[in-house]
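Structure first, then comments.
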Amino acid sequence: MSGHWTDVARSVGLLSADGVVSSTIFAEMSALARRTGAINLGQGFPDVDGPQHLKDVAVAAILSGENQYPPGPGTPELLHAVAAHQRRHYGLDVDPGTEVLVTAGATEALAATILALTGPGDEVLTLEPYYDSYAAAIALSGAAHRTIALHPTADGFRLDTADVAAAFTPRTRLVLVNTPHNPTGTVLTRAELTVIAEAAVAHDAIVVTDEVYEHLTYDGAEHVPMATLPGMASRTVTISSAGKTLSFTGWKVGWLHGPAELVTAIRTVKQFLTYVASGPFQPAVAAGLADEDGRTGQYVAALARSLQERRDLLSDALGAAGFKPVTPRGTYFVVADAAPLGYDDGVDLCRELPALAGVVGIPVTAFCTPGGPVADELRSFVRFTYVKETPTLEAAARGLARLGR
Ligand SMILES: *Cc1c(COP(=O)(O)O)cnc(C)c1O
């Protein structure tokens, strides 16, 4: 059976040479957690919902009859709330009428953007490791996927500026930058972003950013949107979502903004993917974004503070168990090297971890190009999430302590 799906499956390492489709390592690890009762620190979704007052808005929207197709670009309230959010936080001037689009989560925003703006003969650049939907969407578009490696250092995962220049070619159409970065927790510095921005300008490439963790940063790390760098707003599509910021990952309310011409192109594709989504959740997210001086703002600030504490708890436990964690400055995740424990293959370790420590993680190679140099460099690294309640993380820490003995 042929079709684009084979390109997608191959891009994420799910298709063997003889055409056998395997399940993702994410599915395998979640099944392993269910089967063994191990604590699942693999999948990154919160085990506590977002604020009740926003649930109330969604419930009221359903009860008051907001249950048909919302407007194609998104409800006017949400479009305005996104524009106001970008002005308030970053000083960006965004026209809600022509420069914003509401999507079915950041995932659809990414797919629609890549499908709209790239095709066969183009190259799309991303950091590596990368969020797995990137490779699949690039494969669907027919473009080639090239990457810039992030390397583990004492100061988190960092890119090498010489690699940036080398990765761009005359075919580079689009560069997709994720900061704060999943899986590594890196918050790119203004200097790193500037190097990418200058290369994008020199090659006349479009920049797409995935900023879904924009409010979840730690140790005072500053999230810098690419669109705020000099000259970049005119070539940048900025993508974010309510899922991570408000702890409502199941609502699937995302958005993007950028120059009207690019947004029109992306809307043309998005229209035939989902058309619209999440009708009654759009007013709830609009209320959340508009309420940053109130309860919602307090909620997000408290979430970031508590995630920083939970990051410390899990990182300390991993260190005590003999891993070498690489300190994340944002997101839901910490990546740790298992080599000091005597494991050179994260996949093998992840399959054994439920028995050894009662915990499930995800090998970082799941976020790398199969068989590539970054997968090789990060073979012994494992990603764990700390977006779980503190008692759950404490139980995981006790399990991990068994490894160190
Ligand atoms: C969770 C996540 C997404 C998906 O966001 P949705 O709004 O749930 O579609 C996109 N990018 C990254 C880096 C993520 O971690």
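The values are calculated or read from the model by the stated rules, or taken from the named source; none is laboratory data. The model shown is predicted, which means the values in this text are computed figures rather than measured ones. Reconstructed Cβ throughout: ideal geometry from the backbone, glycine too, with neighbour counts over all protein chains shown. Accessible surface areas use protein heavy atoms only, side chains included; no ligands, DNA or RNA. Shrake-Rupley method; radii C 1.70, N 1.55, O 1.52, S 1.80 Å.
Quick notes on this structure:
- Accessible area in square angstrom per residue, the range 238-296, 1.4 angstrom probe: 36
- Whether the range 286-398 is rounded, prolate or oblate, judged on the alpha carbon gyration tensor where a/c under 1.5 counts as rounded: prolate
- Per-residue packing, averaged as other Cβ atoms within 10 Å, sorts the ranges 77-89, 223-235, 125-137 into the order 125-137, 77-89, 223-235, beginning with the highest.
- Shape summary: the range 1-86 maps onto an equivalent ellipsoid whose semi-axes, from the alpha-carbon gyration tensor, are 38, 23, 13 Å in decreasing order.
- Cα centroid of the range 336-360 to Cα centroid of the range 1-21, whole Å: 28
- Carbon and sulfur %, accessible surface of the chain computed with the full protein complex present, 1.4 Å: 54
- Residues in the range 315-392 average 34 Å² of solvent-accessible surface per residue, probe 1.4 Å, ligands and nucleic acids excluded.
- Annotation: peptides 179-190, 164-175, ranked by per-residue average of other Cβ atoms within 10 Å with the highest first, follow the order 179-190, 164-175.
- For the range 322-334, putting each phi into the Karplus relation 6.51 cos²θ - 1.76 cosθ + 1.60 with θ = phi - 60° gives couplings of x, 6, 10, x, 9, 4, x, 9, x, 6, 9, 10, 10 Hz, in residue order, rounded to whole numbers and with x for Gly and Pro.
- Radius of gyration and maximum dimension Dmax of the range 305-354, Cα, Å: 11.5, 34
- Calculated FRET efficiency, Val201 to Phe272, Cβ-Cβ distance, R0 = 35 Å: about 0.65 to the nearest 0.05.
- In order along the range 379-389, the phi-based Karplus estimate (6.51 cos²θ - 1.76 cosθ + 1.60, θ = phi - 60°) of 3J(HN,Hα) comes to 4, 9, 9, 10, 9, 10, 9, 10, 8, 10, 4 Hz; Gly and Pro are listed as x.
- Across the range 212-228, rounded Karplus estimates of 3J(HN,Hα) from the backbone phi angles (6.51 cos²θ - 1.76 cosθ + 1.60, θ = phi - 60°) give 4, 9, 3, 9, 10, 10, 10, 6, x, 4, 9, 7, 10, x, 3, 5, 8 Hz, Gly and Pro being marked x.
- Over 28 Å between alpha carbons, listed pairs Lys55/Lys388; Lys55/Lys324; Lys270/Lys388: Lys55/Lys324; Lys270/Lys388
- Between Ile206 and Leu174, Val175, the built amide H atoms are under 5 Å apart, and every one of these is 5 or more places off in sequence or on another chain.
- Against the empirical 2.2 N^0.38 Å (N residues), the chain has a Cα radius of gyration ratio of 0.96.
- 5 angstrom amide H check on Ala144, placed H, neighbours 5+ away: Gly121, Asp122, Glu123, Val124
- Summarising the amide proton neighbourhood of Ala149: residues at separation of 5 or more, or on other chains, whose placed amide H is nearer than 5 Å comprise Glu128.
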